[in-house]
Amino acid sequence: MRPVGYRVRLVNNPRQIYRLRAPASGREALTVHEPGAVYTDRETGEELLPVTRTLPLAPSDSALLRAPENLRACRRCDQLIGLDVSDCPYCGLRQPALDGAS
Ligand SMILES: [Zn+2]
């Protein structure tokens with residue numbers, strides 16, 4: 001009997017997640033935003049408007065913010081930190097800006 005083997009496939013993150021916000025109440029939701037669709041808050045009935053994209057930006061190899069694809073090493077202390085942080089949470093070093101390509 002042959003041993004069973006399998007390969008772990010990276011989960012693709014092809015669709016961008018947006019943070020939606022209701023202007024009056026400030027209530028928020030995270031979802032994929034389909035062009036032309038209208039999203040409403042189920043509690044208040046207000047229209048939710050997209051205010052920002054969430055990290056990691058799509059398309060990416062993973063939708064998980066702390067996946068290896070979405071981390072970088074601090075130049076001073078070599079700790080792995082998120083691409084989205086501006087200061088290293090371990091040593092406080094200001095991180096260089098990303099070029100936005102990834
Ligand atoms: Zn550091």
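Structure values in brief
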| item | result |
| --- | --- |
| Matching option when the condition is under 30 Å from LEU93 (Cα atoms) and of a type outside the set (D, E, K, R), among THR54, THR40 | THR54 |
| Qualifying positions in the range 26-51 - at negative phi and loosely packed, with under 12 Cβ neighbours inside 10 Å | LEU30, VAL32, GLU34, PRO35, ALA37, VAL38, ARG42, GLU43, VAL51 |
| Lone unmet requirement of (1) within 16 Å of the ligand (Cβ to nearest atom); (2) surrounded by 15 or more Cβ atoms within 10 Å (Cβ to Cβ) for SER60 | (1) |
| Some residue of the range 37-44 being in contact with a Cys (Cβ under 7 Å, 6 or more places away or on another chain) and either away from the ligand (no atom under 16 Å from the Cβ) or farther than 22 Å from ARG15 by Cβ (or both) | no |
| Subset tally (residues that are outside any loop (DSSP other than H, G, I, E, B) and either basic (Lys, Arg) or more than 12 Å from the ligand (Cβ to nearest atom) (or both)) for the range 83-102 | 1 |
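Values in this text are rule-based calculations from the coordinates and carry no lab data. The structure displayed is predicted, hence computed values, not measured ones. Cβ coordinates were reconstructed from backbone atoms using ideal geometry, including for glycine residues, and neighbour counts include every protein chain displayed.
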